[in-house]
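Worksheet: the structure to be examined is printed underneath.
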Amino acid sequence: MKKVAIIMGSDSDLPIVKKGIDTLKAFNVPFEVHVFSAHRTPEEASNFTQNARANDFGVIICAAGMAAHLAGAIAAKTTLPVIGIPVASGALNGVDALYSTVQMPSGIPVATVAINGATNAALLAIQMLAIENKDLAKMLDDKRVSDTNAVLLKNNQIENEYNK
Ligand code: RP5
């Protein structure tokens, strides 16, 4: 199976990124985690990305806050799919990172998830890998069923409490 790369602009993004790491672990998807910054360590970010396909990565997830150019800078250096997580940090609380990540120029796509949306970033990466992997696809289907059942159970509890 191809690996997923998770790149953070700073180790301060780790508390947000952890939910994505947990999701990849739950699906037994191989992954690596790195701290590379589009601004502070652009050479390292570029070197990693240019070798990512040869190093057996299938998807790259990038998490960054504030003037979040990381996902775009990574996407500029690879044709692997890049998923961007805008991280809430600084005075604008993630709106800056959302706009910086989502508003890519035509030709260099970044699939941007919600502010702090690390779980969905991981699930989207898994869905990409599942295009060619029936076991992963089955695990995704099973999760949808159990998630649905969990919501139905909550509905039953609320209805029993308030609808006499
Ligand atoms: C961004 O600036 C990082 O992704 C992080 O979200 C934010 C703050 O970084 P630190 O100053 O905490 O390292 O580049």
* To do: Return the loop-located GluC sites (Glu not before Pro) in segment 87-164 (DSSP other than H, G, I, E, B) with at most 16 other Cβ atoms within 10 Å of their own Cβ; answer none if there are none.
  => Glu132
* To do: Go ahead and run the numbers for FRET between Tyr99 and Leu152, Cβ-Cβ distance against an R0 of 45 Å, rounding to 0.05.
  => 0.75
* Asked: PRE reach from Met1 (point 7 Å along Cα→Cβ): which of segment 23-41 fall under 14 Å by backbone N?
  -> 23-32
* Asked: For the chain, what class follows from the C-alpha gyration tensor (a ≥ b ≥ c being the square roots of its eigenvalues): rounded when a/c is under 1.5, otherwise prolate if a/b is larger than b/c, else oblate?
  -> oblate
* Structure fact -> D (µm²/s, integer) via Stokes-Einstein for segment 24-104, Kirkwood Rh across alpha-carbon pairs, 10 °C, 1.306 mPa s: value 121
* At most 14 other Cβ within 10 Å, DSSP loop - trypsin sites (Lys or Arg not before Pro), segment 30-87 -> Arg40, Arg53
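Values quoted throughout were computed directly from the atomic coordinates according to the rules given, and no laboratory measurement underlies them. Please read all numbers here as calculations on a predicted model, not as lab measurements. Quick reminder, even Gly has a Cβ in these numbers, built from the backbone with ideal geometry, and neighbours come from all protein chains shown.
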